[in-house]
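S.K.: I am attaching a structure below and will ask some questions about it afterwards.
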Amino acid sequence: MKNREKGFTLIEFVLDIALLLILVSFVIILIDPLKQLNKAKDAARKQDAIQIRSAVDAYYNDHSCYPLSLPFGRTWQENGVTYMQKVPQDPDCANNPNSCYIYQVDTSQTCPQWEITYVKQTASKVTSTDCPLKSFPASCTPSNYDGTWACFIGGSVDCNYVSSQPLFTPVPTTTPGSPTVAQTPTIALTPTLTPAPTPTPTPTTPQCNGVKRYACTGGPPARCNLVPEGSGVYCTSDCNGQCL
């Protein structure tokens, strides 16, 4: 009789463990820890973008231009002013270059008057609140914008420029164990002898008739700044296009 009671107790114990495992599995499925982790990353990305926007606005107040680029992952300092001790970067950027933060300006302008910072969202649905470009006409989104990027805008955006540019160039990913594509061997050609080019004379430094002189200082990137009389080498405020 005692052996029967012990066997019955063991069966109950096994059933309790099985039931507990089922309940734990159900809770894990319900909570979805991976999704919660991605949501936390998305929130951190938006916070990074807000901090970047604040620093970019400070830069604009100092220079009346938005910066042409941002040193993601490094200190942002120019002309003795530190705008960010470290410009943040996407937490998954090192393993997935397609998720790196993107900073966009009109690179054809030496003094951009608008900028957009894009951050990837992996778990959260991007709305027009998260990216105001979605509320603009369809022609105001980048050519390969897929709707998963939150965007933070500064200045009056040029939609014609934005829509003519891809958001990023996708980096191909390889699956472990997948065969690599054989490279076609190149055929070495016998080089032909060409006459040595005639050296181009080095232009001389212009002589400024006025008292104003300019020099490339600060950076990166260096900018054309007014310097004390006699210490500059350029006559115009664009340094003849040498700085930017």
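S.K.: Which net charge results when you count Lys and Arg as +1 and Asp and Glu as -1 among the other residues whose beta-carbon is under 14 Å from that of T129?
M.R.: In short, +1.
S.K.: Ok, one more. Working with all protein chains in place, sort Y60, Y83 by solvent-accessible area computed with a 1.4 Å probe, largest first. Don't jump to the answer; show the numbers that get you there.
M.R.: Values: Y60 65, Y83 35 Å².
The ordering from most to least exposed comes out as Y60, Y83.
S.K.: Probe 1.4 Å, all protein chains in place: accessible area of I22 in Å², nearest 10?
M.R.: Taking all protein chains as shown, I22 has close to 110 Å².
S.K.: Any of K41/K125; K39/K134; K35/K86 with alpha carbons more than 19 Å apart? Name them for me.
M.R.: Numbers: K41/K125 13 Å; K39/K134 21 Å; K35/K86 28 Å.
As for pairs spanning more than 19 Å Cα to Cα, those are K39/K134; K35/K86.
The values are calculated or read from the model by the stated rules, or taken from the named source; none is laboratory data. In this text, all values refer to a predicted model and were calculated from it rather than measured experimentally. Heads up, the Cβs are rebuilt from the backbone with ideal geometry, glycines too, and the neighbour counts pull from every protein chain shown. SASA here: full protein model, heavy atoms, side chains in, ligands and nucleic acids out. Shrake-Rupley method; radii C 1.70, N 1.55, O 1.52, S 1.80 Å.
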